[in-house]
Each structure stands twice: as C-alpha cells, then as structure tokens.
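What follows is calculated from the coordinates using simple rules that are stated; it is not laboratory data. Since this is a predicted model, take the numbers as computed values, not measurements. FYI the Cβ positions are ideal-geometry reconstructions off the backbone, even for glycines, and counts take in every protein chain you see.
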Amino acid sequence: MRFTKDHEWVRLEGDIATVGISKHAADALGDVVFVETPDAGKTVSVGDSFAVVESVKAASDVYAPVAGEVVEGNAALASAPETVNADPEGEGWFAKIKVADASAIDALMDRAAYDQYLTTL
C-alpha cells in the first residue's frame with residue numbers, strides 16, 4: 001500500500017490500483033455521510049479530483065494518485081458511506097483504476113514514510 005500527501009492510499013494488484021482515503025483522513029473527517037464515486041470508463045490523471053466524500057464536518061475531494069481508467073467505483077458506499085469510517089483502508093475503497101503507468105506507484109510513500117509525514121502535520 002502506498003500513500004499521497006493528500007491522504008489517499010493505493011494498492012496495486014496487477015495493473016489495477018484500488019484507491020481510497022487513509023485512516024488518518026477518515027478520522028479527521030469525522031462521520032462520513034455521503035460518498036460520490038466515479039463511474040467506470042472515466043479517465044483520470046494524477047491529481048484529478050475523481051470522487052467526493054462528505055462528513056458532518058466538511059466536503060472533500062478525493063484526488064487520483066495514479067493515472068488511468070476507472071474500471072469500478074465502489075457503489076456500496078452510496079448506501080453505506082459509514083464504511084469509509086469503519087474500514088477506510090479496506091472495504092471503504094473509492095475506485096479501482098486500470099493504471100496507465102504502474103511505475104508511478106513507486107513515487108508514492110510507503111506506510112513508514114506516510115506515518116513519518118503525519119508527524120509533520
């Protein structure tokens with residue numbers, strides 16, 4: 001699993017990247033009440049806003065950590081947005097993206113580097 005400074009995580013399996021928000025981000029948001037995930041077929045570039053998460057505190061964009069084509073949005077989050085709080089780095093994923101360049105994942109932080117980054121915030 002790799003992380004961005006915007007608190008997205010990505011897990012690569014073959015050429016499919018599963019993307020969500022980190023536990024830190026979910027905790028900071030508070031109770032998630034709405035999630036909008038992207039539709040299959042949407043093309044995203046690194047840094048594009050591709051999903052929205054709303055909590056009792058705020059609405060936030062979720063940014064693509066990799067470029068590629070969305071192959072699946074997590075439709076289950078529409079009826080159970082609280083999954084993002086309960087399991088942000090598992091069942092609370094937002095989208096699966098067929099990555100254009102798998103080596104781009106190497107530029108992201110691993111868990112140790114992300115945990116270190118969090119201490120600077």
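Of the residues making up region 70-110, those that are part of a strand (DSSP E or B) and more than 16 Å from SER49 (Cβ to Cβ) are VAL71, GLU72, LYS96, LYS98, VAL99, MET109. The residues in region 12-30 that are surrounded by fewer than 21 Cβ atoms within 10 Å (Cβ to Cβ), in contact (Cβ under 8 Å) with a residue 24 or more places away in the chain and part of a strand (DSSP E or B) can be counted, and the count is 3.
Can you give me the number of residues within region 78-104 that are aliphatic (A, V, I, L, M) and within 13 Å of the chain's Cα centre (by Cα)? Don't jump to the end; show me each part of the working.
Let us first name the residues in region 78-104 that are aliphatic (A, V, I, L, M), namely 78, 80, 84, 86, 95, 97, 99-100, 102, 104.
Applying the additional criterion that residues be within 13 Å of the chain's Cα centre (by Cα) yields 84, 95, 97.
Within region 78-104, residues that are aliphatic (A, V, I, L, M) and within 13 Å of the chain's Cα centre (by Cα) number 3.
Just one of the numbered conditions (1) over 13 Å from the mean Cα position of the chain (by Cα); (2) among the acidic types (Asp, Glu); (3) farther than 23 Å from ALA104 by Cβ is not true of ASP39: (3). How about region 89-100: which of its residues are without any contact (Cβ under 8 Å) to a residue 60 or more places away in the chain and surrounded by 15 or more Cβ atoms within 10 Å (Cβ to Cβ)? Residue satisfying the conditions is ALA100 alone. Any idea how many residues of region 60-88 are buried (at least 21 other Cβ atoms within 10 Å of the Cβ) and under 20 Å from ALA107 (Cβ atoms)? Within region 60-88, residues that are buried (at least 21 other Cβ atoms within 10 Å of the Cβ) and under 20 Å from ALA107 (Cβ atoms) number 5.
Scanning region 31-59 for residues that are part of a strand (DSSP E or B) and either surrounded by 19 or more Cβ atoms within 10 Å (Cβ to Cβ) or in contact with a helix residue (DSSP H, G or I) (Cβ under 7 Å, 6 or more places away or on another chain) (or both) returns VAL32, VAL35, VAL44, PHE50, ALA51, VAL53, SER55.
Just need a number here: residues in region 26-71 that are of a type in the set (D, E, K, R) and within 22 Å of MET1 (Cα to Cα).
Of the residues in region 26-71, the ones of a type in the set (D, E, K, R) are 27, 31, 36, 39, 42, 48, 54, 57, 61, 69.
Narrowing the set further to residues that are within 22 Å of MET1 (Cα to Cα) leaves 27, 48, 61, 69.
Within region 26-71, residues that are of a type in the set (D, E, K, R) and within 22 Å of MET1 (Cα to Cα) number 4.
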